[in-house]
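Enquirer: Provided herewith is a single structure, encoded as C-alpha cells, for subsequent inquiry.
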Amino acid sequence: MMDVQTLTFIIVGLSFALYIGIAIWARAGSTQDFYVAGGGVPPFANGMATAADWMSAASFISMAGIISFAGYDGGVYLMGWTGGYVLLALCLAPYLRKFGKFTVPDFIGDRYYSQVARVVAIMCAIFICFTYIAGQMRGVGVVFSRFLEVDIETGVYIGMVIVFFYAVLGGMKGITYTQVAQYCVLVFAYLVPAIFISLMMTGHLLPQTGFGATLADGSGMYVLDKLDGLSAELGFAQYTEGSKSMIDVFAITAALMVGTAGLPHVIVRFFTVPRVKDTRISAAWTLVFIAIVYTTAPAVASFARVNMIDTINGKDGSGTAYAEAPTWVKNWERTGLIVFEDKNNDGKMFYSSGKISDPNSANEVQIDRDIMVLANPEIADLPAWVIALVAAGGIAAALSTTAGLLLVISTSVSHDLLKRTLKPNISDKQELLAARLSAMVAIVISAYFGINPPGFVASVVAFAFGLAAASFFPAIIMGIFSKRMNKEGAIAGMVTGITFTAAYIIYFKFISPELNTPANWLFGISPEGIGIVGMMVNFIVAAVVLKLTAQTPEEVQQMVESIRNPKGSSAAHAH
Amino acid sequence: MIPEIAEVKRFVSKQMPFSQLPEAASHFFSTHIEVIYLTEQNQHQWLRSGNLYLYLVRSGSYDLLTAHGEVITRLAEGDYFGYPSLLTGEAIKNQLQVNVAGLVYLLKEEDFEFLRREYKVFEQHFVKAHANRLLSSHYKQSRDSWSEKKISDVMTKGAVMLAPDASIYDAAKTMSQHSVSSIIISEQQKLLGVVTDRDLRNRVLAVGISPQQSIASIMTDSPKYIFEHNRVFSALHLMLKHNIHHLPVLNERHEPLGMLTSTDLLRQQKSDPVQLIGKIYKAQSLTQLKLCATEIPTLLKSFANNIEDISLIGKLLSGLSDALTARLIALYQLEHGEAPCAFSWICFGSQAREEQTLHSDQDNGLLLPDDVNDEQRRYFAGLGQFVCEQLAHCGIRTCPGNIMASNADCRGSLKQWLARFENWIAQPTPKAMLNCKIYFDIRFIEGSSVLYNEFATQLSELTKNELFFAAMATDISTNSVPLGLFQQFKLETDQQQHKYLDLKRRGVVIINDLVRLYALKAQIYKANTLERLDALLGATLLNKADIYDLKDCWRYLTQLRLKTQLEHEQLPENCINPQHLTSLERHQLKEAFYLIKQAQQACAFKFARGSL
Amino acid sequence: MRWLVRWWRKLYCRMKLRQLEFNAARYLILDLELTGLDAQKDEIVSAAWLVLEQGKVRLDSAEYFLNKEVKALSQSPVYHGIDEQMLEQGESINSILTRLAAALEGKILVCHNAPLDWAFLKKACQCYDLVLSPLAILDTMAIEKRRLAARTEPLNIQSLTLSACRSRYHLPDYAVHNALTDSLATAELLLAQSSAISSGKRLKLGQLLQRAAT
C-alpha cells in the first residue's frame, strides 16, 4: 500500500495530465470542424465549466470548514453565494448581453458615456480580483502544505508557482473542456469522501439525507442533536442556532448575493454561449452543478465536526493521549494549522471553546477551519487514495477560479488601462508582455495576502464580494433599470461605496481587530456584511448627485430604453 | 581603436537596420568598410564571386540586373546589394548597371558575418530583404517579353517642353499644337515639372484659375521620371505603383528626352488587362462577352510573370469579374427592360477582398429596397438567375454554399439583409461565424450606391457589439498556425501520404480574419485586406509596427503560395512541402507563422479576454 | 658621380611611376588642421590620414591625431573647433610624424592643396630630423584646376575648395569638418576625378601627376 504522499503526487499529477491533454487536443485544430458540425459547446458542458469557474477554493475548502465551526452562522455563505448566482443569471447577464458589452467596465464606461467611469470600474475590478485571488492562494497553500508536509508559507509559494505556470504560461484558460474536467475532478473529490463518511456514520448513501438522519452507532441520536449536545458541553454556541444577529446574517447574505453578481470573471462565461436560449439552459445546469456541492457542504461540515471532537476528546470526552494521537493530528501540526499546547500537563489533548492562549480556557488544541474538508477523510480513516483525491479537487477548484481572475486583472491592466487609456501605441508583443507581468505581480501580491491572511479563506473572499456589492452592482443595476442615471452619479456612487466598505473592513480587520465585536459595529453589521450598507450608500450618493448634476444625454436614454423593451430581444429570437 | 569618420557614421546610423541597432554596430560598420567610386567603367570589377561584399549605396544611382539583363531593382542612396550571396553562399549571378556614378560602401564578408552573429536584427533585415528579392524576381523570369524592352525603344521621341514662366494658356496651346496629353516644364535642360491635360482640367478649369498665370503654379513639381536605358518593366511598375500615366524620360545627363505615356505601354502589350476590361464593357452580346472571358486565363499568365506586387493579380481578376458582372446586368436590362426599382448588386468573400484567383467561386447577392413588391421581386429573381448562370459560363464557378443572387436568400430587401446579419451578430454560433467570414467582406458592384450606403451605415451600427467581436476573436484563435511547441512545422497529410503545409488556410486566412475583425471594430468600410491594414494605421487598435508585420506576412505567404504552386503540382491547392524550400525560406516561413500566432493571441486577448 | 647615379635612379623611378596604372598604386590621403596658413609661424593642430588601394578607401586604416604641443591656437578654433583641452589628450608632433613616415612608406601622398600641407610637414620634420619619403605627391586641387582650365570655365578661389570640387562630381555634402572627414572627402574626390579623367580608358599615374607639385 502506497503512502498518502505518493498517492497525492500520482493523483494530482494525473489530474494535471488530464487538463494538459485536453488543452493539447483542443489546440490541435481538429475541434474546429467538430464545433462547426456540432454547433458549439453543449449547454450541459458549458454549465459544468461555469460551475468550475464559480466554485473556488473558498467553496471547496473553506465553506464546509466555516459551517463546521460556526454552525448555523456559516450557512450565510451558502445562501449568499447561491442567491448571488441566481441574481446574476436572471437579472444581470441577459441585459448586459443585449447591451453588447463584454466586460463590466466596458458596460459602465459606455452606459455612463465616460472614460472616468470606465477607469473607476476597472480599478474596482482589479481591486476585487486581488482580494479574491488572495483567498484562493491561501486555499492552494493549505493543500500543498499538507500534502508536501511543509509549512503553510512554503505551501503558498509552491501554489504560486503552479498557478503561474498554469494560468499564465499554459494558456489553458478559455478552453471549456479543461474547465469541464476540472469540475468533474472537483465534484468527485468532494462527494466521494462525503458519501463514505455518510455511509459509515449514518448508513445513508446520500450525505444530504444522512445529514438529517440518526447516527449508525446504535445510539439512535440525530447527527445535529449530537452536535448541539457536544457544542453545549464544550462551551460553544448551539450548532443549529447561531450567534450572529438577524440583521448581520441578513446583511452578510445580501452582500454576498449582490457581490457575486458583480464578479467580473463569471459574467464573461454567460457571453461565450452563442445562443440566448442556450445561455438560459446552461445557467440552469450550472445551478444544478453548484447545488450538488453546496448541499453536500453542511453534511460534510457536521460529520467532520463530530468526528473531530470524538477523536480529539475521546469517546468519553476526557481527551485522547497526545502520544496516541491519530496521524492526521501530527500531520497537520507540521503545517502549523493545528497547534497543541498541553496546558494542564496531563499528556492528553482537549478541545473546547475559547482561545488556546487564554489560560482560563480548557482548550488545548487550536484548529484552522480551512483544514476541515481536507482533513475530513483522514479523520474518518478513509483509504489513502480518497485523501489524495481531495487534494486534487482542492487544487482544481483553486486553479479554475484563479486563472479566470488573473485574466481579468491582466486584461484590465494591459488592455483596458495601458493600451486603451495610457499608451495606445504599444505593440501586440508589449501588450501581451504587460499582461503576463501584471499576472505575475498579481500572483505575488496575492500570495503575500495568502500567507498573512486578514481572515479565513471564505471571509477574505467575502470581502471581495462586499467590495463588488458596494461598487459594481449599484452601477450596473442603475445603468440597466434607470435611464436617467448620469455619469456623475454613478462615479460618485462607486467611489463612495467602495471607499466606505474598504475603510470599514480595513478598520476592523487590520487597524483595530480588538474592536471587532458586535457592540462596535455599525447597525450591528459585521465587516463581512458591510458591503450591503456600502451598496445603500452608493445608491443614495448616486441619487443625490444625480439631482445636482446635468441630465443624461438623449441618445444614452434611448439606448437604455431599447435594452429593456422587447424589440431589442426580438432580433435574437428571429431565427 | 580605429577613429570613426563622423559623416560616415551619421549616414550609416540613419540606415536600416542600423537605426534599430545599438550605436556600437554603426561604429563597427563605419570603421570597417571600404569606399569605392562606382562608375560605368569600373562596374564590372565589383559584384564578382571570389571576394564577397555587402554593398551600401552612398550616392549615385544604379540598376541591379539579372544575368539576362533584366532589371531587378533600382538602387539609390541607402540601398544594399550583394547580400544574397553573402547569405546563401551561392555564386553571384546579378550584374550592375550604372545610371549615375557615385560612392558605394563595401563591407567584407568576415565583417558581415560578425555583425550577423552579433545582432539578430541585422541578420533579420537581410534575410527579409533577400526574401523580397527572391519573390519579386520570380515573377520576372520570363524572358524576351515586351516588358524587357528598353524605354528608348518604345517611347515617342521629341520632348514637348516649356519654360516655367510660360502661362497656362501657352501650355494648352502648345499641347494642342503637338496634339499631346502632357508637357514637360524645364529650365536649362533640367526637368522641373509635368503638366497633363488632366491637370488643366482639375487644377485650372475646375478651380477657376486664370489662364494667364504661370504654368509653374499648377505643375506637378519634382515628378517621377525614368532613364532612356531603363526597361519598360520599370516604367510599368512605377506607373502602377504611383497611379500615374505620364513619365518624363531623361538621358544620363538628366536632360528630358520625351514623355512615356501609359498608352505607349499599352501599345506594347497585346493582352492588356485595361484593354480587356474596356472590351468587356463594350461587349454587345453574350457571345462577345464570353469570348472576352476566355482571354482571362492567358492574360493572367502573361501578367503574373511581369508583376512585382502580387496583390495586383487578385485585384486584376476581381476587376475583370466586376466588369463581367456589370456588363451582364446591363445586357439583362437591355433584354428585359430597365430595373423596376433601385437595387444594388453586391459581392462577398474573395471577390470583395479583391483576392480572387482562377479557382475562386462566385459569392454575390442583390440588395433591394424595403418597399419591393412581388412583381419586382420576380424581375430580380430573373436577373440573379441570369447573371449567376452566365458568370458560370464565363468561367467563374458557382458557389457550393449557394451564396449567389440566384438564391432567394441572397436577394433580400434592406431589412431582410440586416436581419440576417443581426441574427449572426446576436447569436454567434460557429456556423454564424463561418457566414460572417464570407459576408462581412462586402463590396458594392453595380446599381444604386445610395441604397448600398444606407445598408452599410445601418450594418455598421449593428456591428458595434463587443460580444460579437469576442466570439469572432475566439473563433479565429481556434484556427492554429502550423507551428509546434518548439517552433517546428506541424505538417498535415493527405490521402496520398503527401506531407504539406496549408499556407492559405493556416496563414493567409488567419490574417484575413484578424484584419476583418480589427476593421469591423474600427468601422472601416473596405474589403481588401491590405487596404484595411492601411486604413488601420489611422486607428489606435493596432500598433504601426504590427500592421507592417501583418502586411509583410500576408504578402510573403501569398507570394510563396503562388510560387510553389507553379512548381509542385501534386499537392493540394495552396499547399507546400517545406522540404522543398531552402533553409532560408523555411526560416522566414516560421517567422511569418510566429508573427501570425502572436497577432492571434493578442487579438483573442484584446477582444475575448482569452488565454494569455 | 654618386649624385649622378642617385639622380638617374630617381628619374627612372619617376618614369616607372608615371607608367603605373592608377589602381595599382597605393595612396595615403592626408589632411591637416592648422592654426594658420603660414608654414613658418603657424602650427599643425591635427593630422588624419586614410589608405586608398585597389580603388578602395579603407576606413579601417583611418588614423587621427591631435598635436598636444601646439603653442598658440589663437583664432583657429573657429575653423576646426579644437580647443586646448582636447589637445591635451593628443600626442607629440614627433610621434605623429614618425607614424606618418612609416605609413607613407611605398605610397603616394594625396592632399587637397598639397603645397600647403607639404610645407608644414617639411618644416615640422626639420625639427626632429625626420624624412618623409612618399613615392610622389598628388594634389587634388591642382588636378581640379587643370580640369577646369581645360573647360575654360571662369576660375576663382571659391570654385577650388574641397566642397566645391566635390559638388561638381555630385559627391555628397559633408557638414562636419575635421581632418579625418576631409581626408575621406579628398579620397572620394580623387576617385571621382580619376574616373572622370580616364573616361573609360586605363588611367596612368602620369596623367594625374602632370605638373602636380612634387
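Enquirer: Filter B:290/B:526; B:128/B:590; C:41/C:123; B:9/B:108; B:108/C:201 down to the pairs with a C-alpha to C-alpha distance above 21 Å, please.
Expert: B:290/B:526; B:108/C:201
Enquirer: So which aspartates and glutamates pass the test for residue B:120, namely a Cα distance under 14 Å, with those fewer than 8 places away in the same chain ruled out?
Expert: Correct list for residue B:120: B:591.
Enquirer: Mind listing, in residue-number order, the residues in the stretch C:26-69 that have at least 40 Å² less accessible area with every protein chain present than in their own chain alone (1.4 Å probe)?
Expert: Those residues are C:56, C:59, C:60.
Enquirer: A follow-up question, please. As a test of the definition: with a 1.4 Å probe, what buried accessible area, both sides summed, do you compute for B against C, in Å² to the nearest 100?
Expert: The contact between C and B buries close to 2100 Å².
Enquirer: Using only protein heavy atoms and a 1.4 Å probe, how much accessible area in total is buried between A and B, to the nearest 100 Å²?
Expert: Its buried surface, counting both partners, is about 3600 Å².
Enquirer: So, with a 1.4 angstrom probe, what is the percent of accessible area on the stretch C:95-214 that is carbon and sulfur?
Expert: In the stretch C:95-214, the share of accessible area belonging to carbon and sulfur is 54 percent.
Enquirer: A further question follows. Using a basic spin-label model with each label point 7 Å from the Cα along Cα→Cβ, how many nm lie between residue A:345 and residue A:247?
Expert: 5.0
Enquirer: What FRET efficiency, computed as 1/(1 + (r/R0)^6) with R0 = 22 Å and r the Cβ-Cβ distance, is obtained for residue C:173 and residue B:244, rounded to the nearest 0.05?
Expert: Working from the Cβ atoms, E equals 0.15.
Enquirer: Other chains' Cβ within 10 Å of A:97-103 residues: what's the mean?
Expert: For peptide A:97-103, the averaged partner shielding equals 5.
Enquirer: Ok, one more. Only four residue types carry charge here, +1 at the Cβ of Lys and Arg and -1 at the Cβ of Asp and Glu. Report the dipole size of the protein assembly as shown about the Cα centre in Debye, rounded to the nearest 20.
Expert: Approximately 4060 debye in magnitude.
Enquirer: In addition: So if R0 is 45 Å, what FRET efficiency would residue B:19 and residue A:499 give, r being the distance between their Cβ atoms, rounded to the nearest 0.05?
Expert: 0.35
Enquirer: Threshold 50 Å², probe 1.4 Å: give the residues of the stretch B:29-47, in number order, that are less accessible with all protein chains present than with their chain alone.
Expert: By number: B:34, B:35, B:37, B:41.
Enquirer: Kindly work out what percent of the DSSP beta bridges joining two residues of the stretch C:21-212 are antiparallel, to the nearest 5. Provide the component values of the computation, followed by the final result.
Expert: Values: 17 of 25 bridges.
Taking every DSSP beta bridge within the stretch C:21-212, about 70 percent pair in antiparallel fashion.
Enquirer: Right, something else. Could you calculate the contour length gain from residue B:41 to residue B:493, that is, 0.36 nm times the residue separation minus the distance between their Cα atoms, to one decimal place in nm?
Expert: So the chain would gain 157.2 nm between residue B:41 and residue B:493.
Enquirer: In nanometres, what is the gap between the two model label sites at residue A:292 and residue A:148, each 7 Å from Cα along Cα-to-Cβ?
Expert: Here the answer is 3.0 nm between the modelled labels.
Enquirer: How much length is gained if the chain between residue B:434 and residue B:224 is pulled fully straight, taking 0.36 nm per residue apart and subtracting their Cα-Cα distance, in nm to one decimal?
Expert: 71.1 nm
Enquirer: Where a Cα-Cα gap under 16 Å defines reach, which lysines qualify for residue C:107, not counting those fewer than 8 residues away within the same chain?
Expert: Counting by Cα, and skipping residues close in sequence, residue C:107 has these lysines nearby: C:10, C:16, C:56, C:204.
Enquirer: Also, quick follow-up: Please return the longest range in chain C lying between exposed loop sites, taking GluC sites (Glu not before Pro), DSSP loop only, at most 16 other beta-carbon atoms within 10 Å, and leaving the sites out.
Expert: In chain C, the maximal stretch lacking such sites is C:106-214.
Enquirer: Do me a favour and compute the ellipsoid semi-axes for chain B from its Cα gyration tensor, root of five times each eigenvalue, largest one first, whole Å.
Expert: Semi-axes from the Cα gyration tensor: 44, 36, 23 Å.
Enquirer: In peptide B:418-431, how many Cβ atoms from other protein chains are near each Cβ within 10 Å, on average?
Expert: 6
Enquirer: Taking DSSP loops as anything outside H, G, I, E and B, show the longest stretch in chain C free of trypsin sites (Lys or Arg not before Pro) there with at most 15 other beta carbons within 10 Å.
Expert: Within chain C, the longest run free of exposed trypsin sites (Lys or Arg not before Pro) spans C:72-150.
Enquirer: Within chain B, what's the longest run with no trypsin sites (Lys or Arg not before Pro) in a DSSP loop and at most 11 other beta-carbon atoms within 10 Å? Give the range, please.
Expert: Result, exposed sites excluded: B:271-612.
Enquirer: Taking each residue of C:177-184 in turn, how many C-beta atoms of other protein chains fall within 10 Å of its C-beta, and what is the average?
Expert: Mean number of neighbouring Cβ atoms from other chains: 3.
Enquirer: About its Cα centre, what dipole magnitude does chain C give when the only charges are +1 on Lys and Arg Cβ and -1 on Asp and Glu Cβ, stated in debye to the nearest 20?
Expert: It comes to approximately 1660 debye.
Enquirer: Now, a different point. Which aspartates and glutamates, if any, have their Cα less than 18 Å from the Cα of residue B:173, not counting same-chain residues under 8 positions apart?
Expert: Once the sequence-local aspartates and glutamates are set aside, what remains near residue B:173 is B:165, B:197, B:199.
Enquirer: Excluding residue B:508 itself, what net charge comes from residues whose Cβ is under 11 Å from its Cβ, given Lys and Arg +1 and Asp and Glu -1? Please report the intermediate quantities before stating the final value.
Expert: Numbers: positive: B:353, B:504, B:505, B:506, B:555, B:561; negative: B:355, B:502, B:513.
Charge balance near residue B:508 sits at +3.
Enquirer: Calculate, for the protein assembly as shown, the solvent-accessible area per residue in square angstrom, rolling a 1.4 angstrom probe over the heavy atoms of the protein chains.
Expert: The answer is 42 Å² per residue.
Enquirer: With all protein chains present, how much of the accessible area of chain B (probe radius 1.4 Å) comes from carbon and sulfur, to the nearest whole percent?
Expert: That fraction is 50 percent.
Enquirer: I've got another one for you. Place +1 on the Cβ of every Lys and Arg and -1 on the Cβ of every Asp and Glu in the stretch C:21-212, take the dipole about the Cα centre, and give the residue among C:198, C:72, C:89 whose Cα lies farthest towards its positive end.
Expert: My answer, from the dipole projection, is C:198.
Enquirer: If you don't mind, another one. Where in the stretch C:88-126 does the amide nitrogen come within less than 19 Å of the point 7 Å from the Cα of residue C:53, taken along Cα to Cβ?
Expert: C:99-111, by backbone N distance to the label point.
Enquirer: Let me ask something else about it. Efficiency by 1/(1 + (r/R0)^6): what FRET value for residue B:91 and residue B:255, r their Cβ-Cβ distance, R0 = 41 Å, to the nearest 0.05?
Expert: According to the calculation, E is roughly 0.60.
Enquirer: Can you pull the one-decimal nm distance between simple spin-label points at residue B:109 and residue C:159, each 7 Å off the Cα toward Cβ?
Expert: In this crude label model, residue B:109 to residue C:159 measures out at 4.7 nm.
The values are calculated or read from the model by the stated rules, or taken from the named source; none is laboratory data. The shown structure was predicted, so the numbers you read here are calculated from the model rather than taken from an experiment. Neighbour counts run over all protein chains shown; Cβ positions are idealised from the backbone, glycine included. Accessible surface areas use protein heavy atoms only, side chains included; no ligands, DNA or RNA. Shrake-Rupley method; radii C 1.70, N 1.55, O 1.52, S 1.80 Å.
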